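The values are calculated or read from the model by the stated rules, or taken from the named source; none is laboratory data. Being a predicted model, the structure only gives us computed values, none of them experimental. Ideal geometry is used to build each Cβ from the backbone, glycine not excepted, and the neighbour counts take in all protein chains shown. Surface accessibility is based on the protein's heavy atoms, side chains included, excluding ligands, DNA and RNA. Shrake-Rupley method; radii C 1.70, N 1.55, O 1.52, S 1.80 Å.
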Amino acid sequence: MTSTRRDTVVAGNAPISGLLVVVSAPSGTGKTSVLREVMKKRPEVRFSVSATTRPAREGEVDGRDYRFVSDAEFDALLERGEFVEWAVVHGNRYGTLSSEIACAVERGGVVILDTDTAGAMAIRKMFPEAVLIFIVPPSPEDLKKRLEVRGTESPERVRIRLDAAPGEVKRALRYDYIVVNDRLDDAVAGIIAILDAERLKSGRMKPILEGWRV
């Protein structure tokens, strides 16, 4: 089962003062591990915590990895218009909270959103300044091995995720950057290099140049 877009909510038209980064990857790529290491090395980077109806996996913490909610709680968030976007992914619902984006970027820091490819495109449409990064495993065989070794999914779930991966990887060409997670340290260094480059772009450095009257 692939991701199904169901609804989109625009979270106002306020300009973004910080750096908004959207990261996607096929399930099992190691995206969470990569992003945790990035945040250890760069304290100004904040992870936007999405809401999900998926049960927490071993080692995941509510409010840090995801905001784990019931179906009824997710429905209530929808009714109040609190999602920028949401989707059904492998039978569970995931949503990006507008409050998470607003809080982080208004402080001028870096906020990272973890979403599927459909969600990334919806966010790019609402926030053209967003930087899109796709993390890909080195090969389909490697992804299969990672999913099996992880041991958190049934064989049927592993098959569903593997079936969805080629379509997700195909959409990677619509992203600004592609990072291969072959070695964790290299993938982390790649994302940090992207963040540094983006923050030095002329448009973001314009306030520094105001004294020159340019």
Scan (1) surrounded by fewer than 17 Cβ atoms within 10 Å (Cβ to Cβ); (2) under 16 Å from the mean Cα position of the chain (by Cα) for the single condition Ser154 breaks and write down its number.
-> (2)
Tally, over the stretch 164-191, of residues that are in contact with a Leu (Cβ under 7 Å, 6 or more places away or on another chain) and polar (S, T, N, Q) = 0
Failed condition for Gly95, given (1) in a strand (DSSP E or B); (2) without any contact (Cβ under 8 Å) to a residue 60 or more places away in the chain; (3) surrounded by fewer than 20 Cβ atoms within 10 Å (Cβ to Cβ) | (3)
Can you tell me which residues in the stretch 50-79 are in contact with a strand residue (DSSP E or B) (Cβ under 8 Å, 6 or more places away or on another chain), open to solvent by less than 40 Å² (accessible area, probe 1.4 Å) and farther than 26 Å from Pro166 by Cα?
-> Val69, Phe74, Leu77
Members of the stretch 126-149 found to be among the aliphatic types (A, V, I, L, M) and either in contact (Cβ under 8 Å) with a residue 24 or more places away in the chain or open to solvent by less than 60 Å² (accessible area, probe 1.4 Å) (or both), listed by number | Met126, Ala130, Val131, Leu132, Ile133, Ile135, Val136, Leu143, Leu147
May I ask you to list the residues in the stretch 58-92 that are in contact with a helix residue (DSSP H, G or I) (Cβ under 8 Å, 6 or more places away or on another chain) and not in a loop (DSSP other than H, G, I, E, B)?
-> Phe83, Val84, Glu85, Trp86, Ala87
Looking across the stretch 32-49 at residues that are under 12 Å from the mean Cα position of the chain (by Cα) and among the polar types (S, T, N, Q), the single one that is least open to solvent (accessible area, probe 1.4 Å) is Ser48
Which is surrounded by fewer than 19 Cβ atoms within 10 Å (Cβ to Cβ), aliphatic (A, V, I, L, M) and under 13 Å from Val23 (Cα atoms), of Ile123, Ile208, Ile178?
-> Ile178
Filter pass, Gly167 being farther than 15 Å from Gly30 by Cβ and in contact (Cβ under 8 Å) with a residue 40 or more places away in the chain | yes
Verdict on Glu141 being of a type outside the set (Gly, Ala, Ser), over 26 Å from Ile192 (Cβ atoms) and at pLDDT below 85 = no
